[in-house]
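Below you'll find the structure, written out as structure tokens, and then a few comments.
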Amino acid sequence: MTPDQILSYPARVLTQQQREDYFSHGFVGVQELLPADVLAELQAVTRDFVEQSKAVSKSGDRFDIGPGHSPESPVLRRLKNPDTASEAYWRFSTGLIADVAADLVGPNVVFHHSKLNFKWFDKSDTVKWHQDIQFFPHTNYNVLTIGCYLSDTTMDNGPLAALRGSHNEDLYNQYDRDGNWTGMLSDEDAEGVDTSRVDYLTGKAGSITVHNARTLHYSPSSRSPVPRPLLLNCYSAADAKPYTPHPSPTVNAYKLVRGEPVQWAEHDPRPCQIPPDWSGGYTSIYAAQSGEDAKPTM
Ligand SMILES: O=C(O)CCC(=O)C(=O)O
């Protein structure tokens, strides 16, 4: 569907202006969208998982932990696939936030994946400039990620930042010169990013960010010990069909969360870079960006 076709459906949660901003910039931030009880439940469940992570000594299916992690000073980088970790997270993925997705991809919405990213007050917690769609190409670009801040997020603790208009430009190469997947722009490409077009999406706990899967984005490292849990849920229009293996599938991947199943895929002619074959497993953006893992080649 084109933006005009999507906008012709009545809005469920967002204002018409917020929907239009998403289509013109490639992202939108909405302040304090979550009802207080929904936010409090997500915060409580998340606190429990942070506690549980202290008992873990290496990354696994649930926790992605960074170098130096210990019970005294946990370095929890990501809670993987929260949609299967607790009913509360899945209720959230299929509740209000799925309506936000429907406002922006059209009435038929499919869940792709979720993750809960933290910042750990260390220079290495930067998420470098990248685009998401090269991680999971689809036949069209009505694919987006909705982030929800579970703590107040300011310029000090690593807000998500996005480049205005980048969703309408060519996609970047996310392999290095030797053909290794890095999941990010080269230093040279990153230096060329027009900083006058960068918006930092700060917000109080319960605020959301939405970015299209073509939108160039990053998040700076945190300069504050105040934690920054960002709960991310990714969705697509039901007529956007994936054509490479899912990087991190759960039982919920590709579940229809709004509307009807479709019989036809819609194809956007703009090309997309193909990621490594994830069918053998995927670790995380942090590991790929820091070169921690053996990098699969194209
Ligand atoms: O956690 C963040 O700040 C950014 C996450 C992100 O860009 C991603 O996982 O694609």
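Nothing in this text is a laboratory measurement; each read-out follows from the coordinates by a stated rule. Note that this is a predicted model, so its numbers are computed, not measured. Backbone-built Cβ (ideal geometry, glycine too); neighbour counts: all protein chains shown.
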* **Length-normalised contact order for the chain - Cα pairs under 8 Å, 6+ apart - percent** => 28
* **With 10 Å bins from 0: P(r) over segment 1-42, alpha-carbon pairs, percent** => 25, 44, 24, 7
* Say a paramagnetic label sat at a point 7 Å from the Cα of residue 204, along Cα to Cβ; which residues of segment 1-40 have their backbone N under 12 Å from it? -> 31-36
* Would you compute, from DSSP H runs of 4+ residues alone, the mean residue ellipticity of the chain at 222 nm, taking -39500 (n - 2.57) per run and dividing by the full residue count, rounded to the nearest 500? => -6000 deg cm²/dmol
* Scaled to the compact-protein estimate 2.2 N^0.38 Å, what is the alpha-carbon radius of gyration of segment 115-229, rounded to two decimal places? -> 1.06
* **Lys, Arg +1 and Asp, Glu -1 on Cβ, resulting dipole of the chain about Cα centre, debye, nearest 20** => 480
* **Low-density loop cleavage sites - GluC sites (Glu not before Pro) in segment 31-128, where at most 16 other Cβ are within 10 Å (DSSP)** => 32, 72
* Asked: Rounded to the nearest 20 Debye, what is the dipole magnitude of segment 180-240 about its Cα centre when Lys and Arg each give +1 and Asp and Glu each give -1 at the C-beta?
  -> 460
* **Residue list for segment 150-179, given a label point 7 angstrom along the Cα-to-Cβ vector of residue 221 and an amide N cut-off under 18 Å** => 154-161
* At what distance in angstrom do the alpha carbon centres of segment 43-103 and segment 137-208 lie from each other? -> 21
* To do: Go through 168, 195, 102 and say which Cα lies farthest out towards the positive end of the charge dipole of segment 74-217; charges sit on Cβ, +1 for Lys and Arg, -1 for Asp and Glu.
  => 102
* Looking at the chain, what % of the alpha carbon pairs are farther apart than 31 Å? -> 22
* Kirkwood hydrodynamic radius over Cα pairs of segment 163-268, then Stokes diffusion coefficient at 20 °C and 1.002 mPa s, in µm²/s -> 124
* Selected from 123, 241, 204 as most flexible by GNM, with the chain as the system and alpha-carbon contacts under 10 Å -> 123
* Asked: Hull surface divided by four, with the convex hull built on the Cα atoms of segment 56-148: how many nm²?
  -> 7.4
* Hey, what's the Cα Rg ratio for segment 1-79 versus the globular rule of thumb, 2.2 N^0.38 Å? -> 1.66
